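The values are calculated or read from the model by the stated rules, or taken from the named source; none is laboratory data. Here the structure is a predicted model, which means the values were calculated and not measured. Methodologically, a virtual Cβ is constructed for each residue, glycine included, from the backbone with ideal geometry; neighbour enumeration extends over all protein chains shown.
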Amino acid sequence: MPTILIVDDEHDLLIAFKAVLHHAGHDVFTASTATTALRLLETQRPDLVLLDIKLGDLEIDGLELLRRMRDRLPNLKVVVVSAYLDLVTRQAALDGGALDCWPKPVTMQMLIERTAQVMEQPDLSAVASSPSAE
């Protein structure tokens, strides 16, 4: 069963996303702070992380968390899901290793469909080692 970590400080959103994705066949765990997410990554290896940029964590914001997650697990698939996706933030997230950025609000149908699309993408280690097309 594919595993997803959702990192968001909006409690109701965590509950809704978790329920929908679990019903769609995923094993889901959640973190409401960057610190908790980093602790979870010490023992869990999710197939995908859905990451909010604006977290209530005062020490680590979402972009810094993205950097730290990618440092620890370079092949980790991360999608930024945020209401704060201006062009600069979106580019920073993509430059930081996010596969994609989804603007909030996200409908539950969109969540299911886009998550499935991301999960179908090849493992990042395979992408990184494959020759680039010219």
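List of remarks:
- Failed item, numbered, when residue 97 is tested on (1) in contact (Cβ under 8 Å) with a residue 40 or more places away in the chain; (2) under 13 Å from the mean Cα position of the chain (by Cα): (1)
- Residue 85 vs. criteria in contact (Cβ under 8 Å) with a residue 12 or more places away in the chain and touching a helix residue (DSSP H, G or I) at 6+ places or on another chain (Cβ under 9 Å): yes
Residues are listed down the side, and each one gets a yes or a no for (1) within 23 Å of residue 84 (Cβ to Cβ); (2) of a type in the set (A, V, I, L, M); (3) under 15 Å from the mean Cα position of the chain (by Cα):
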residue: 1; (1), (2), (3): no, yes, no
residue: 21; (1), (2), (3): yes, yes, yes
residue: 24; (1), (2), (3): no, yes, no
residue: 45; (1), (2), (3): no, no, yes
residue: 49; (1), (2), (3): yes, yes, yes
residue: 57; (1), (2), (3): yes, no, no
residue: 64; (1), (2), (3): yes, no, yes
residue: 67; (1), (2), (3): yes, no, yes
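- Cβ-Cβ distances below 7 Å connect the following pairs, each with a first residue in segment 24-46 that is of a type in the set (S, T, N, Q), a second residue that is in a helix (DSSP H, G or I) and surrounded by 14 or more Cβ atoms within 10 Å (Cβ to Cβ), and a separation of six or more residues or different chains: 30/14; 30/18; 32/14.
- Residue 58 of a type in the set (A, V, I, L, M) and either touching a Ser or Thr at 6+ places or on another chain (Cβ under 6 Å) or at pLDDT below 95 (or both): yes
- Any hit, segment 103-119, residues being over 23 Å from residue 15 (Cβ atoms), surrounded by fewer than 18 Cβ atoms within 10 Å (Cβ to Cβ) and of a type in the set (A, V, I, L, M): no
- Test set (1) at pLDDT 95 or above; (2) polar (S, T, N, Q); (3) under 23 Å from residue 116 (Cβ atoms) - residue 44 fails condition number: (1)
- Hits in segment 22-66 - residues which are of a type in the set (Val, Ile, Thr), part of a loop (DSSP other than H, G, I, E, B) and either surrounded by fewer than 16 Cβ atoms within 10 Å (Cβ to Cβ) or in contact with a helix residue (DSSP H, G or I) (Cβ under 8 Å, 6 or more places away or on another chain) (or both): 43, 53, 60
- Counted residues, segment 67-80 - those being under 17 Å from residue 10 (Cβ atoms) and assigned to a loop (DSSP other than H, G, I, E, B): 0
- Filter result for residue 97 (on the phi > 0 side of the Ramachandran plot, of a type outside the set (S, T, N, Q) and surrounded by fewer than 13 Cβ atoms within 10 Å (Cβ to Cβ)): no
- Some residue of segment 81-90 being part of a loop (DSSP other than H, G, I, E, B), within 14 Å of residue 7 (Cβ to Cβ) and within 14 Å of the chain's Cα centre (by Cα): no
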